[in-house]
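Undergrad: Take this structure first; my questions come after.
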Amino acid sequence: MDVFEALYTTRAMRRVSEDPIPDDVLKQMVDAGIRAPSGSNRQGWKFIVVTDPEIKNQLGDSYREAWDFYVKEFYGGTSDMGASNVLDDEKAQQVVRISKSAAWLSENFHKVPAMFVVLSRNDPTGSSIYPAIWSIMLAGRAHGVGTCLTTVLGMFKPEKAFEILSIPNDKGWKIDAVITAGYPLGKWGVAKRNPVDEVTYLNTWGNETNWNLKEPLWNY
Ligand SMILES: Cc1cc2nc3c(=O)[nH]c(=O)nc-3n(C[C@H](O)[C@H](O)[C@H](O)COP(=O)(O)O)c2cc1C
């Protein structure tokens, strides 16, 4: 696959089939992930690939609790996650769609065929793990596997996840993400984003680029 196709079309694919992902694919997703950079090349990371139905069931229960807590605590339980209060109509509608899709994932988390629990420790930058996460997702894309980066489990139910996965409590590990993975039920497409023109300056803050870049440079 063309690298730009992978970059432009890797996006949150939450609705996936229950078909298993072959081991060779899972292996390559982690193998690509560990090629990613980390601060001082410390590689303070671990990956737990979960395919066992019983463990997925337990993680699914905790994920749902974490998601419900997140929506209630931060957005007062509103179905649009408070979007209509702060965003224009089109963007608010987009948030509503995402929140519906995310709620669906929280109900169906246990059915996703594979998940990558991503852990890190001893990372003063706090962000060394993100290139590895993105590489796992890109490698999945190259194999036609849809992924979704999720963080609520590690944020709101870490003790439960540690217990389920037998992660030692005293070694400094933290769960940065759980990447869900499966073959998508929907179609791949270019991720919708605010255009380059709106978010980029040249040389100094406020100096517009004149690139006139409103549409993606790669498309189907
Ligand atoms: C740091 C981070 C945390 C995220 N956490 C969650 C999550 O806990 N649950 C979820 O369903 N999606 C989560 N997402 C996925 C985002 O909602 C998604 O990437 C975003 O809406 C863009 O979707 P798109 O690429 O399909 O356009 C997270 C994404 C990022 C980058």
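Undergrad: What number in nm² do you get for region 1-41 if you take the convex hull of its Cα atoms and divide its surface by four?
TA: Taking a quarter of the hull surface, the average projection is 4.4 nm².
Undergrad: Just check region 101-179 against the gyration tensor rule for me: Cα atoms, a ≥ b ≥ c as the square roots of the eigenvalues, rounded for a/c under 1.5, and otherwise prolate or oblate depending on whether a/b exceeds b/c.
TA: oblate
Undergrad: Could you state the angle between the C-alpha long axis of helix 129-142 and the longest principal axis of the C-alpha atoms of the chain, as a value from 0 to 90 degrees rounded to the nearest 10?
TA: For 129-142 against the chain, the angle is about 80 degrees.
Undergrad: Between region 12-48 and region 112-156, what is the C-alpha centre distance in whole Å?
TA: Measuring centre to centre over Cα atoms gives 7 Å.
Undergrad: Kindly give the semi-axes, whole Å and largest first, of the ellipsoid equivalent to region 1-84, taking each as the square root of 5 times a Cα gyration tensor eigenvalue.
TA: 29, 20, 17
Undergrad: Ok, one more. Among rounded, prolate and oblate, which fits region 31-76 when a ≥ b ≥ c are the square roots of the eigenvalues of its C-alpha gyration tensor, a/c under 1.5 means rounded, and a/b larger than b/c means prolate?
TA: Oblate is the answer for region 31-76, as a/c is 1.5 or above yet b/c matches or exceeds a/b.
Undergrad: Pairs of alpha-carbon atoms within less than 8 angstrom and 6+ residues apart define the contacts here; what relative contact order does the chain have, in percent?
TA: 34
Undergrad: So for region 3-189, taking the charge dipole from beta-carbon charges (+1 Lys/Arg, -1 Asp/Glu), which of 147, 16, 124 sits furthest toward the positive end?
TA: About the Cα centre, the residue reaching furthest to the positive side is 124.
Undergrad: Also, quick follow-up: Show me the trypsin sites (Lys or Arg not before Pro) within region 83-176 that DSSP assigns to loop and that have at most 10 other Cβ atoms within 10 Å of their Cβ.
TA: For trypsin sites (Lys or Arg not before Pro) across region 83-176 that sit outside H, G, I, E and B with at most 10 neighbouring Cβ atoms in 10 Å, the list reads 171.
Undergrad: Using alpha carbons only, how many degrees (0 to 90, rounded to 10) separate the axis of helix 53-75 from the longest principal axis of the chain?
TA: Tilt relative to the chain: about 50 degrees.
Undergrad: Take the alpha carbon gyration tensor of the chain, find the square roots of its eigenvalues, order them as a ≥ b ≥ c, and report rounded if a/c is under 1.5; if not, report prolate when a/b exceeds b/c, else oblate.
TA: Verdict is rounded for the chain.
Undergrad: By how many nm would the segment from residue 51 to residue 174 grow when fully extended, if each residue of separation counts as 0.36 nm and the alpha-carbon distance is taken off?
TA: Gain on stretching residue 51 to residue 174: 42.2 nm.
Undergrad: Could I ask something else about it? On a 0 to 90 degree scale, rounded to 10, what angle separates helix 23-33 from the longest Cα axis of the chain?
TA: 60
Undergrad: Another question, then. Would you calculate, for the chain, the mean residue ellipticity at 222 nm contributed by helices, counting each DSSP H stretch of 4 or more residues as -39,500 (n - 2.57) and dividing by all residues, to the nearest 500?
TA: Calculated at 222 nm, the ellipticity per residue is -13000 deg cm²/dmol.
Undergrad: Separate question: At 7 Å along Cα-to-Cβ for each site, give me the label-to-label distance between residue 68 and residue 18 in nm.
TA: According to this spin-label approximation, the distance is 2.2 nm.
Undergrad: Just how large is the dipole of the chain about the Cα centre, in debye to the nearest 20, putting +1 at every Lys and Arg Cβ and -1 at every Asp and Glu Cβ?
TA: Charge dipole of the chain: 200 debye, to the nearest 20.
Undergrad: Name the residues of region 155-190 whose amide N is less than 18 Å from a point 7 angstrom out from the Cα of residue 97 along the C-beta direction?
TA: 184-190
Undergrad: Report the trypsin sites (Lys or Arg not before Pro) located in region 1-60 that are in a DSSP loop and have at most 12 other Cβ atoms inside 10 Å of their Cβ, or state none.
TA: Filter output for region 1-60: 35.
All of the numbers you see were taken from the coordinates with simple rules; none came from a lab. The structure presented is a predicted model; accordingly, all values stated were derived computationally and were not measured. Cβ: placed from backbone, ideal geometry, glycine included. Neighbour counts: every protein chain shown.
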